[in-house]
Amino acid sequence: MATFQSLPGFRDFYPDELARRNYIFRLWRQTATAFGFAEYDAPVLEPLDLYKAKSGDEIEAQLFSFTDKGGREVALRPEMTPTVCRLVGAKANALKRPIKWFSIAEFYRYERMQKGRGRSFCQLNADLFGEPGPEAEIELIGMLVQSLCAFGLTEQDFYVRLSDRNLWFYYLGAMGLDELRIKSLLGAVDRFEKYGDDAFKGYIEQFGSLDSDLKQKVLSFLQIKSLAALEATLASVDNDKITERLADWRKLLGGLAAMGLTRYIEVDLGVVRGLAYYTGFVFEAFDRKGELRAIAGGGRYDDLVEKLGGPTLPAVGFAIGDMTFALLLEQRGLMPAFVQAVDVYCVIGGAPERAAAFGAIQALRAAGYRVEYPLREVAFGKQFKAASEAGARLALIYGGDELAKGMVKIRDMADRSEREVPLAEVVTAVRDSLQG
RNA sequence: GCGGCCAUAGCUCAGUUGGUUAGAGCACUUGAUUGUGAUUCAAGGGGUCGCGGGUUCGAGUCCCGUUGGCCGCCCCA
């Protein structure tokens, strides 16, 4: 047993695991780039206050935080949103709108480990700043869906639940409730799926009682699963904000429909997301089987840049975590096997042949081919076996017989055919063989 | 922070009511094989049985603690 282990909840990435992570990152990056998002990165370590500012003590308890040698209170980043707000806020006036940025980064939370959750994990974060209308949500939800579809996932595998905190506020506000009561009720809505009626306990403790008519209205609102039902429920409420908001909904759903994404989207007012900084549309992606925790989540946060000291700047963002996502891909058999196949394996007879082979090996590698050869003298049979195990498409045979004629033998590992080419023409011969 | 289950080789696991020097398969290395790759055969390396304490003539095995892992609760940005 090794003396040292990685810290609890942290992951080592051995080559095959890193290959899988790189695969996920590569398709995420490809997708984000296709959607016109620009990649950024920032420090892993941030001032603790950056996270204290926007969240409460519960959040702070799950931070990897400490005092550095200069006496600064610092924390490993638990999420990207405050950081990206800091970056955008600092240069907001110089950045061309809309600002579309993404990052793929590692985060740290001091939490108990669970399936799909560790103390370190990676996320794709995408954010769009400067667009107050639902056009921003269309862009981000479209990208979210494609970030999952890029791996072969379909509407059979996942769906996106779409909801709106604004409409909740307008609806409950029109009934005369103040902000405090509305926020408490939203907390209950968030928990209702899990706890049923017990979800309202907090509200009752806080405000003494819960009017049964109000409760009925909340319950029927959170069960709304379509735009039509939403419009029907709100038809009786005469309120300009609600009318405008329903227009936003139509624009958002219309845009997503035009992108062909309707089959991935489910309107579901039961989703409100716990986090306080969301201010409008919110959305979460889940696996259809309901076996895993949320795959992705996001929403609008129009006040956060300003709260963190920047200008007023509307924003929408989402994040996908790598752990649950990788579990989903594995469950659906969509995680490819990664074999680091080489293009060419050089079979080398002895010391003089080795010297001759090295020139070609260097030239082929410089030309971009993956070339391997045995570091030590090994019997021919072993070398062919090694070539085969390395997945080589070609074997270059530097043997005494060939070199005596000024030739190299090229063996096609798949069909076992062989031909000889002059030493000086090895690179072009390899190129021809690999292209053909 | 709370609860359940678990811990023997790199991996998957055997290991009898507590009894001599702790095993298998896979993987790895080497050889059979000094010019031709998926087989086969042989040999080898690798374990203070997670760690610490206790019971016992004797502990991988029983007891306590601890650390780590898996799963769930709280939480989930």
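Taken together, the values in this text are just the output of simple stated rules run on the coordinates, not laboratory data. Everything quoted here is computed from the prediction, not taken from an experiment. Glycine gets a Cβ as well: all are built from the backbone with ideal geometry, and neighbour counts include every protein chain shown.
Each of A:MET259, A:MET323 was scored by other Cβ atoms within 10 Å of its Cβ. Listed from fewest to most, they are A:MET259, A:MET323.
Taking a point 7 Å out from the Cα of A:LEU423 in the direction of its Cβ, the residues of segment A:363-404 whose backbone N falls within less than 13 Å of it are A:398-404. Calculated from the alpha-carbon coordinates, segment A:344-435 shows an Rg and a Dmax of 11.6, 31 Å respectively. Rounded to 0.05, the FRET efficiency of the A:GLU73 and A:GLU291 pair, given R0 = 30 Å and the Cβ-Cβ distance, is 0.15.
Electrostatic bookkeeping for A:ASP343 treats Lys and Arg as +1 and Asp and Glu as -1; over the other residues with beta carbon under 11 Å from its beta carbon, the sum is +3. Result for chain A in a Gaussian network model with C-alpha springs under 10 Å: among A:CYS346, A:CYS149, A:CYS85, the largest mean-square fluctuation is at A:CYS346. For chain A, a Kirkwood radius taken over Cα pairs fed into Stokes-Einstein (20 °C, viscosity 1.002 mPa s) yields D = 83 µm²/s. Under the classification rounded if a/c is under 1.5, otherwise prolate if a/b is larger than b/c and oblate if not, where does segment A:61-112 fall, given a ≥ b ≥ c as square roots of the Cα gyration tensor eigenvalues? Since a/c reaches 1.5 but b/c is at least a/b, the shape of segment A:61-112 is classed as oblate.
Under a Cβ-Cβ cut-off of 9 Å, what is the net charge of the residues other than A:TRP249 that fall near it, where Lys and Arg count +1 and Asp and Glu count -1?
My count for the surroundings of A:TRP249 gives 0.
Seen through its C-alpha gyration tensor, with square-root eigenvalues sorted a ≥ b ≥ c, segment A:248-405 comes out prolate because a/c lies at 1.5 or above while a/b is bigger than b/c. For segment A:222-308, the alpha carbon convex hull comes to 133 Å³ per residue, rounded to a whole number.
As a length-normalised measure over Cα pairs under 8 Å and 6 or more apart, the relative contact order of segment A:19-146 settles at 26 percent. When DSSP beta bridges are restricted to pairs lying wholly in chain A, around 80% turn out antiparallel. With a 10 Å cut-off between alpha carbons and a GNM built on chain A, which of A:ALA257, A:ALA337, A:ALA360 moves the most? The residue that fluctuates most here is A:ALA360. Considering only DSSP states other than H, G, I, E and B, which GluC sites (Glu not before Pro) in segment A:99-206 qualify as loop sites with at most 16 other Cβ atoms within 10 Å? Those satisfying the criteria are A:GLU111, A:GLU155.
Note on A:LEU227, A:LEU269: ascending count of other Cβ atoms within 10 Å places them as A:LEU227, A:LEU269, the fewest first.
Taking 26 Å as the limit for the C-alpha separation, the pairs A:LYS241/A:LYS289; A:LYS100/A:LYS194; A:LYS52/A:LYS91; A:LYS52/A:LYS183; A:LYS194/A:LYS241 exceed it in the case of A:LYS241/A:LYS289; A:LYS100/A:LYS194; A:LYS194/A:LYS241.
Relative contact order, whole percent, for chain A stands at 16, derived from Cα pairs under 8 Å and 6 or more residues apart. By the beta-carbon count within 10 Å of each Cβ, the least crowded to most crowded order of A:SER236, A:SER65, fewest first, is A:SER236, A:SER65. Among the GluC sites (Glu not before Pro) found in segment A:339-429, those both in a DSSP coil and sparsely packed, with 14 or fewer other Cβ atoms within 10 Å of their Cβ, are A:GLU377. With a cut-off of 14 Å between beta carbons, the residues surrounding A:GLY196 carry a summed charge of 0, where Lys and Arg count +1 and Asp and Glu -1.
Label separation (A:ALA414 vs A:ALA341): 0.7 nm, computed from points 7 Å beyond Cα along the C-beta direction. Across segment A:344-435, the relative contact order, built from alpha-carbon pairs under 8 Å that are at least six residues apart, equals 30 percent.
Comparing A:PHE151, A:PHE281, A:PHE66 in a Gaussian network model of chain A, where Cα atoms under 10 Å apart are tied by springs, the biggest mean-square fluctuation is seen for A:PHE66. Under the combined filter of DSSP loop state and at most 11 neighbouring Cβ atoms within 10 Å, segment A:61-156 retains these trypsin sites (Lys or Arg not before Pro): A:LYS69, A:LYS96, A:ARG112, A:LYS115. For segment A:344-435, the share of DSSP beta bridges that are antiparallel, to the nearest 5, is 55%.
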